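The values are calculated or read from the model by the stated rules, or taken from the named source; none is laboratory data. Only a predicted model underlies this, so the values are computations on that prediction, with no experimental measurement involved. Cβ atoms come from the backbone with ideal geometry, glycine included; neighbour counts cover every protein chain shown.
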Amino acid sequence: MKKILNVTINGTPYEIAIKPKTTLVEVLRNELNLTGTKRSCNAGGCSSCSVLVDGKVVNSCSVLALQVDGKEVTTIEGIADGAKLHPLQQAFLEHGAYQCGYCTPGMIIAGKALLDENPNPTKQEVKEAIAGNLCRCTGYVRIVDAILATAKKLQEEAK
Amino acid sequence: MRDFEYIAPKTVKETLDVLDEYQEDCKIIAGGQSLLNILKQGLMAPEYIIDIKNLEELNYIKFDEKDGLKIGATTTHRSVEFSDTIKEHYNVLSEMERHLATVQIRNWGTIGGNLCIADPTGDVAPPLLAMDATVIIANKDGEREVTVLDFGVDYYETVVGPNELLTEIRVPVIPSNTGIAYLKYRIVEGDAPIVGAAVAFTLNEKGACKKARIGMGGVAPIPIRAEKAEKMFEGEKITDTLIEEAAKVASEETTPIPDIVASAEYKKRVIGVYVKRAAKLALTRAEKAAN
C-alpha cells in the first residue's frame, strides 16, 4: 500500500504517493526526474548519491524516503543560484576536478556539507570529508584542491 | 526489495505496543545503514517495518557524575562524535566515531542500530566493552539492563527479543587515573574494520595496573573481551614486555571468522598487534591522567 510523503526538495514542497520500500534516491530520480543525483553502488559504499537532508550529507540510496517526511532535501540541482554556478561547481570546473562526472555531484554535495560546517578546513579535513566519495577515474588531488580553493575564496569574500 | 507495511510510531510506548503485536513479523529500522542492504539483498523480507529513526524521545546524550553517560538509541554517530559532553568525559567514543564508516553514514546511522545489527566488526562495541558499558532493553511490560559483553549471541544476533527495543546505552563514570584507546585495522578510511582493539587501564596510586579491560572486534562471531590478557595486567606494573606477552594471549583468545578480506589466521595475528598498540596508547593516557 502506498504512503504519502511530504518533503521539501530544493525549496519546493512535494506531496508524493510512494511504496514504503522506496529509497530517497529512487524518489529523486524516478518520481521527480532529478537525475543529477547519481545512483551507483546502491549500498552506501560509494556516496555518489550524496544529498543534504536538513543540511547534513547522507547517502540517498540508504535512506528510506518516508524517513525524510517533513524534512528539507537539497540535491545538486538546488545549489546553483539560477544560472550562476555554486562556487564549488565553478571551482570543480576551473580545476578540472572530474573525468566521467559520475562521482561529481556527490563530491560537490559532500564538499558543500563540509564548508557549511567548517568554512576553513585543513587538507586532512577535506580528505576525511570526502573519504566515502569514491572516484574511479583518476584521483582525488584536483577534487581536494577545488574544495580548498572554494574555502579560500569564500573566506576572502566574507571579509 | 520485497514490499512491506510501514509503521512509524510516535512514542517509545507506541513502538513497544506495535512490537508486541507483530513480534517475528516485523523488523525495526533506525538509520537503516545496514538493514537496507540486508533487505535489498533479499536476506530478510519482513512483513512490517517499524521505523524509529525519528523518535526524538530516544535522541539524547546525558551525563552526570553519579550515573555516568546515557545515550539514547536513536542518537546518530555524528551527534556522538561532536558532543562536548562526550569529548570531555568519554573522548575515546568521539575518536571512534570520527573514523566510523563515512560522514554520510554517520549522519544517518544510529549508535543503537550499530549495536543491534551486531556486525562483529562494528566499531561501537569494543570501546564500550573496555568501559563496562550496558544497554537498556525494553518491552511493553518493563525493561532490563544487559552488559555489552552479554549483548551479542552470535554473528548478527543479539539478546534483543522480537518484542523488545534497545532504548539506551549506559557507560559508567570513568575512574580517575584511567587511559582508554581504540585502534583498528582497515585498508582505507571509510571501510569497515578488519579487526579493532580497545584497551582501558586504570592505575593505582603506585602507578601499577588496578584494572584492565580489552575489547576486541572482528575476531569472533561477536565482540569479545580478552579476559585472560586483562588478568595478566592487574596488580602489575605495565611494561612493554608485559604488553607484548598479554597481546599474544589476547590473540589466542580469539576465534575469527575468515572472510573475503582476511583469513582467520591473519586476523588472529593482526589483532595481537592492535591490542599491543592500543595498550601502549592507553598506558600513555593513563599516566598522563595520573600526573
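List pairs: first in segment B:265-291 and more than 17 Å from B:Pro120 (Cβ to Cβ), second of a type in the set (Phe, Trp, Tyr) and crowded, with 17+ Cβ neighbours inside 10 Å, Cβ under 6 Å, 6+ apart or cross-chain?
B:Ala282/B:Phe201; B:Leu283/B:Phe201; B:Ala286/B:Phe201
Go through (1) under 23 Å from B:Gly190 (Cα atoms); (2) facing another protein chain (nearest Cβ under 10 Å) one by one and return the number of the condition A:Gly70 breaks.
Of everything listed in (1) under 23 Å from B:Gly190 (Cα atoms); (2) facing another protein chain (nearest Cβ under 10 Å), A:Gly70 misses just condition (1).
Output the number of residues of segment A:1-57 satisfying the condition of being in contact with a Lys or Arg (Cβ under 9 Å, 6 or more places away or on another chain), exposed (fewer than 14 other Cβ atoms within 10 Å of the Cβ) and among the charged types (D, E, K, R).
Count: 2.
For segment B:1-55, which positions are in a loop (DSSP other than H, G, I, E, B) and either away from chain A (no Cβ under 14 Å) or under 22 Å from the mean Cα position of the chain (by Cα) (or both)?
Restricting attention to segment B:1-55, the residues satisfying the condition of being in a loop (DSSP other than H, G, I, E, B) are B:1-4, B:8-11, B:30-34, B:41-47, B:52-55.
If the condition is that a residue be in a loop (DSSP other than H, G, I, E, B) and either away from chain A (no Cβ under 14 Å) or under 22 Å from the mean Cα position of the chain (by Cα) (or both), then B:Thr11, B:Ala30, B:Gly31, B:Gly32, B:Gln33, B:Ser34, B:Ile52, B:Lys53, B:Asn54, B:Leu55 are the ones that fit.
Counting only residues that are basic (Lys, Arg) and part of a loop (DSSP other than H, G, I, E, B), which one in segment B:203-238 is surrounded by the most Cβ atoms within 10 Å (Cβ to Cβ)?
B:Lys237
What residue, of B:Val160, B:Val188, is part of a loop (DSSP other than H, G, I, E, B) and modelled with pLDDT under 95?
B:Val188
Quick one: which residue in B:Leu69, B:Leu100 is within 14 Å of chain A (Cβ to nearest Cβ) and not in a helix (DSSP H, G or I)?
One residue alone meets the criteria, B:Leu100.
Of the conditions (1) assigned to a loop (DSSP other than H, G, I, E, B); (2) out of contact with any Asp or Glu (no Cβ under 8 Å at 6 or more places or on another chain), B:Ala200 satisfies every one except a single condition; which number is it?
Evaluating B:Ala200 over (1) assigned to a loop (DSSP other than H, G, I, E, B); (2) out of contact with any Asp or Glu (no Cβ under 8 Å at 6 or more places or on another chain) leaves (1) as the failure.
Check A:Cys103, A:Cys135 and return the single one that is within 14 Å of chain B (Cβ to nearest Cβ), closer than 21 Å to A:Val25 by Cβ and touching a residue at least 60 places away in the same chain (Cβ under 8 Å). Can you show your working first?
Numbers: A:Cys135 fails: touching a residue at least 60 places away in the same chain (Cβ under 8 Å).
Answer to the check: A:Cys103.
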